[in-house]
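The values are calculated or read from the model by the stated rules, or taken from the named source; none is laboratory data. Predicted model only: the values in this text are computed from it and were never measured. Cβ placement follows ideal geometry from the backbone for every residue including glycine, while neighbour counts extend to all protein chains displayed.
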Amino acid sequence: MRKWCVSALLILTFFSAKTQTQVPYIAGKTLGKLPFLEYGLGEDRLGGAKMGFLDSNILLRIVDSSGTDYKVMLSANHHAYITKTSVEKLPAMRFQPYYLSNSWKVWGDTAYDYLSLQLDEKLPYHSYQQIDPSRIIVDLFGITSNTNWITQLKTLKEVKNAWYEQVEDDVMRVFIDLKHRQHWGHLVYYDTTSKPRLIIRVKRQPPLDIKKLKIAVDAGHGGDNEGATGVMTGILEKDYTLLMSKELEKALKKEKSKVVMTREKDTSLSMPERIEFLREQSPDLLISIHLNSGSSDTVRGTSTYYRYIGFRSLSQFVLKRMLELKLEEFGNVGSFNFGLSGPTEYPNCLVEVAFLSNAADEKKIRNPAFRKAVAQKIVAGIKDWLSSLR
């Protein structure tokens, strides 16, 4: 069991305007690149289950401490956890009794649709996707509505409608209905050129033609991160993911796609570095290549992974094609808490091609003809997915 501790010297007091309940807290703000919230203190090899990334300089109420994490109060009824290295304490900071939203504007430029709303302070948020109908939802914590008009302009091309509900006294829920059934990505951040403005940037549907897409390919692991090891010959995952990724690059270029590679040699790249690079490149979709490993040498097969429900269909079409390689089915895995599955800006699919811990699968992986066939099947899966959206 972890022991809880709070620095008594830095405790301030927050009084809820509605309930007048007394809650001790320490004020803080988010630091660095890609800070993220976690639902709880659970851990596995992928870390704790993440709510999502936050912008920097977001105000937080720290109510407790456990090991390397702070517990933060998002609203009266919602809490989360954040690593201590992502927070700067602000012991002199005092929260206002309440924070308000103001007017909204929803419009488009030449590349994206946007929703912007003025807030009194940069406070935490959580975004997620819905399907049937396709919709983006963003919960704004610590916010009470004073929004009395929402201006929507005809420059919009992907956003069909935008509105809100005050679902709790201090939780404002933003709804964005999309015109297309496929989610192509969104990004939530703050613009602080004047008063804090929360921006939700919505990616428009690109041409449903592989020749006109910018596709990112990620070779898993690399450098000092070797990944799994072959059970028979000791081959390294990092080497063979790179070989397969280069085959995929060739196959995509043959289709006239624009291809972005996160690495093209045996390079050490952290997950934040890969995510930052992809954010700069702004691809239409991402394929990440990995090789699996199990605790038993009898486990074998291929699988695809996604985190957000709006991106699931891509991984389903890719898996269907991968199974044509006569591999066992290990499954289509959702809510996958992997770093490159975390960004919401573009559809993404992680492919665990086969198991290095299984002798028969490892033999396939070592075969150049098999690696070329894997690339061809992934391309076919992407094309099938695009066709299903027309």
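Structure summary
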{"quantity": "Boolean, I200 is surrounded by 15 or more Cβ atoms within 10 Å (Cβ to Cβ) and closer than 24 Å to T110 by Cβ", "calculated": "yes"}
{"quantity": "Single residue of V299, V217, V231 found to be at pLDDT 95 or above and within 23 Å of Q376 (Cα to Cα)", "calculated": "V217"}
{"quantity": "Residue that is farthest from L187 (Cα to Cα) [pool: residues in region 92-118 that are crowded, with 20+ Cβ neighbours inside 10 Å and either without any contact (Cβ under 8 Å) to a residue 24 or more places away in the chain or touching a Ser or Thr at 6+ places or on another chain (Cβ under 9 Å) (or both)]", "calculated": "Y99"}
{"quantity": "Of the criteria (1) modelled with pLDDT under 95; (2) under 23 Å from the mean Cα position of the chain (by Cα), which one S134 fails", "calculated": "(1)"}
{"quantity": "Checking G234 against (1) in a strand (DSSP E or B); (2) on the phi > 0 side of the Ramachandran plot, the condition it does not meet", "calculated": "(1)"}
{"quantity": "Failed item, numbered, when L208 is tested on (1) in contact (Cβ under 8 Å) with a residue 60 or more places away in the chain; (2) part of a loop (DSSP other than H, G, I, E, B); (3) surrounded by 17 or more Cβ atoms within 10 Å (Cβ to Cβ)", "calculated": "(3)"}
{"quantity": "Pair list, Cβ < 6 Å and 6+ apart or interchain, from region 303-323 residues that are farther than 19 Å from N337 by Cα and in contact (Cβ under 8 Å) with a residue 12 or more places away in the chain to residues that are of a type outside the set (S, T, N, Q) and surrounded by 20 or more Cβ atoms within 10 Å (Cβ to Cβ)", "calculated": "F317/G381; F317/W385; V318/C349; V318/I378; V318/G381; R321/K377; R321/G381; M322/K377"}
{"quantity": "Test for I82: is it under 21 Å from F311 (Cα atoms), outside the structural domain of T344 (by TED's automatic domain parsing) and either in contact with a helix residue (DSSP H, G or I) (Cβ under 8 Å, 6 or more places away or on another chain) or not in a loop (DSSP other than H, G, I, E, B) (or both)", "calculated": "no"}
{"quantity": "Among the residues listed as L178, L198, L140, the single one being hydrophobic (A, V, I, L, M, F, W, C), within 24 Å of the chain's Cα centre (by Cα) and under 21 Å from P347 (Cβ atoms)", "calculated": "L178"}
{"quantity": "Test: residue in region 318-332 that is buried (at least 19 other Cβ atoms within 10 Å of the Cβ), under 21 Å from the mean Cα position of the chain (by Cα) and among the hydrophobic types (A, V, I, L, M, F, W, C)", "calculated": "yes"}
{"quantity": "Of residues in region 85-113 being in a strand (DSSP E or B) and of a type in the set (F, W, Y), the one farthest from the chain's Cα centre (by Cα)", "calculated": "Y99"}
{"quantity": "Residue in region 233-243 that is crowded, with 21+ Cβ neighbours inside 10 Å and within 30 Å of R201 (Cα to Cα) present", "calculated": "no"}
{"quantity": "Output for region 351-364, where each listed residue is surrounded by fewer than 24 Cβ atoms within 10 Å (Cβ to Cβ) and of a type in the set (A, V, I, L, M, F, W, C)", "calculated": "A359, A360"}
{"quantity": "Filtered residues of region 35-47 (kept if assigned to a loop (DSSP other than H, G, I, E, B) and either crowded, with 19+ Cβ neighbours inside 10 Å or β-branched (V, I, T) (or both))", "calculated": "P35"}
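Each row is one residue, and each column tells you yes or no for (1) under 27 Å from F53 (Cα atoms); (2) outside the structural domain of L356 (by TED's automatic domain parsing); (3) of a type in the set (K, R); (4) in contact with a helix residue (DSSP H, G or I) (Cβ under 9 Å, 6 or more places away or on another chain).
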position: M232; (1), (2), (3), (4): no, no, no, yes
position: K250; (1), (2), (3), (4): no, no, yes, yes
position: F277; (1), (2), (3), (4): yes, no, no, no
position: T304; (1), (2), (3), (4): yes, no, no, yes
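Yes/no matrix, rows are residues, columns are (1) in a strand (DSSP E or B); (2) in contact with a Pro (Cβ under 9 Å, 6 or more places away or on another chain); (3) assigned by TED's automatic domain parsing to the domain that holds I275:
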site: Q316; (1), (2), (3): no, no, yes
site: E324; (1), (2), (3): no, no, yes
site: E345; (1), (2), (3): no, yes, yes
site: A354; (1), (2), (3): yes, no, yes
site: A375; (1), (2), (3): no, no, yes
site: V379; (1), (2), (3): no, no, yes
site: I382; (1), (2), (3): no, no, yes
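To keep it simple, each residue is scored yes or no on (1) more than 27 Å from F53 (Cα to Cα); (2) more than 15 Å from the chain's Cα centre (by Cα).
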{"site": "A228", "(1), (2)": "yes, yes"}
{"site": "L236", "(1), (2)": "yes, yes"}
{"site": "D239", "(1), (2)": "yes, yes"}
{"site": "L269", "(1), (2)": "no, yes"}
{"site": "S282", "(1), (2)": "no, no"}
{"site": "F311", "(1), (2)": "no, no"}
